[in-house]
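> To start, I am sharing the structure in question, which I have written as structure tokens.
The values are calculated or read from the model by the stated rules, or taken from the named source; none is laboratory data. This one's a predicted model, so the numbers in the text were calculated from it and none came from an experiment. Don't worry about glycine lacking a Cβ; one is built from the backbone with ideal geometry, like all the others, and counts go over all protein chains shown.
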Amino acid sequence: MSSCDDGHTLQIRITGISDPSSPASTVGVVQRLQEVARRAKVSLEFRHIQMEASLVEPCMLQRKAGEAVAVNLAFHLHKMADESVSTSNPRDSLLRKVKALEPKIVTVVEHDANTNTAPFYPRFVETFNYFNAIFESLDAALPGNSKDRVNAEKFCLAKDMINIVACEGVDRMQRYEVAGKWRARMLMAGFHSLPTSPSTSKLIKDLLLPYSRKYKIREEAGALHLNWLDRSLVVASAWQ
């Protein structure tokens, strides 16, 4: 995402990158973004690139002179091979490409669990405990016939669990890592952590209240953790 100010109207250009295996339609996403832009009174341009994130080159983003760049890596990195799978290490290679863009901010949102390098049995136990907490949280937050819940369970959670437990080597595409490992990768790529805004933390807490008070937000090492009771599920952080 990039933005620039021509002295009159704030302009925002968003380039959305999705995996080739994902549904190609972005109509709903674009409509929601346009509505947000309309309310904020900004000019919005949206482009869609459907390819593996590790193959995207900076020139494909069509960056314009004077633009400020922001990059949102939300649940992208865990789908990419790292040094334990490939000598080319697409996971860290992408982070170096992002750093070369000199972005004003990079946000990273990822699962907080170790299903990457752990041997089968500890990986099975970790997967069981992690997804058990996820399903418990869904039971409390959404009714069983909720369309959002059905879609999440069918198209995301079930596929991830099967891949994590049943596959090895290059066939295991879902490779979650713990918060400390995500942090180490960002630091090795040359990023430094940005502090979490208290207002952001409060906003997230307020949004979670209608679902369940068992959701908790805690801050650790500059990152925000979404917990179900004492189990960290997702970690979000900001970098420059």
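> Which one is modelled with the lowest pLDDT, of the residues in the range 39-85 that are closer than 22 Å to residue 156 by Cβ, outside any loop (DSSP other than H, G, I, E, B) and of a type outside the set (S, T, N, Q)? Break it down stepwise before answering.
Kept after step one, since they are closer than 22 Å to residue 156 by Cβ, are these residues of the range 39-85: 48-54, 72-82, 85.
From the residues that got through so far, the ones that are outside any loop (DSSP other than H, G, I, E, B) too are 48-50, 53-54, 72-74, 77-79.
Among the residues that remain, those that are also of a type outside the set (S, T, N, Q) are: 48-49, 53, 73-74, 77-79.
Details: 48: 88, 49: 88, 53: 84, 73: 96, 74: 93, 77: 95, 78: 95, 79: 92.
Among residues in the range 39-85 that are closer than 22 Å to residue 156 by Cβ, outside any loop (DSSP other than H, G, I, E, B) and of a type outside the set (S, T, N, Q), the one modelled with the lowest pLDDT is 53.
> Scanning the range 203-240 for residues that are among the basic types (Lys, Arg) and assigned to a loop (DSSP other than H, G, I, E, B), which turns out modelled with the lowest pLDDT?
At the first step, the residues of the range 203-240 found to be among the basic types (Lys, Arg) are 205, 213-214, 216, 218, 231.
Filter again for assigned to a loop (DSSP other than H, G, I, E, B), leaving 213-214.
Details: 213: 91, 214: 94.
Ranking the qualifying residues of the range 203-240, first place goes to 213.
> Within the range 187-240, count every residue that is farther than 23 Å from residue 101 by Cα and among the small types (Gly, Ala, Ser).
Restricting attention to the range 187-240, the residues satisfying the condition of being farther than 23 Å from residue 101 by Cα are 197-221, 224-235.
Now drop any that are not among the small types (Gly, Ala, Ser), which leaves 197, 199, 201, 212, 221, 232.
Number satisfying all stated conditions: 6.
> What tally of residues in the range 188-202 results from selecting those that are in a loop (DSSP other than H, G, I, E, B) and either loosely packed, with under 14 Cβ neighbours inside 10 Å or not polar (S, T, N, Q) (or both)?
6
> Would you mention how many residues in the range 54-76 are touching a helix residue (DSSP H, G or I) at 6+ places or on another chain (Cβ under 6 Å) and not hydroxyl-bearing (Ser, Thr, Tyr)?
2
> Sticking with this structure for a sec: Of the residues that sit in the range 88-130 and are assigned to a loop (DSSP other than H, G, I, E, B) and either surrounded by 16 or more Cβ atoms within 10 Å (Cβ to Cβ) or of a type in the set (A, V, I, L, M, F, W, C) (or both), which one is nearest to the chain's Cα centre (by Cα)?
Quick first cut of the range 88-130, residues assigned to a loop (DSSP other than H, G, I, E, B) only: 88-89, 101-104, 113-119.
Adding the requirement that they be either surrounded by 16 or more Cβ atoms within 10 Å (Cβ to Cβ) or of a type in the set (A, V, I, L, M, F, W, C) (or both) leaves 89, 101, 103, 113-116, 118.
On the way: 89: 19, 101: 19, 103: 17, 113: 14, 114: 16, 115: 16, 116: 17, 118: 22 Å.
Filtering first and then ranking leaves 113.
> Consider only pairs whose beta carbons are under 9 Å apart and that are at least six residues apart or on different chains; among these, list those whose first residue lies in the range 174-189 and is hydroxyl-bearing (Ser, Thr, Tyr) and whose second residue is assigned to a loop (DSSP other than H, G, I, E, B).
Matching pairs, first to second residue: 176/113; 176/114; 176/115; 176/116.
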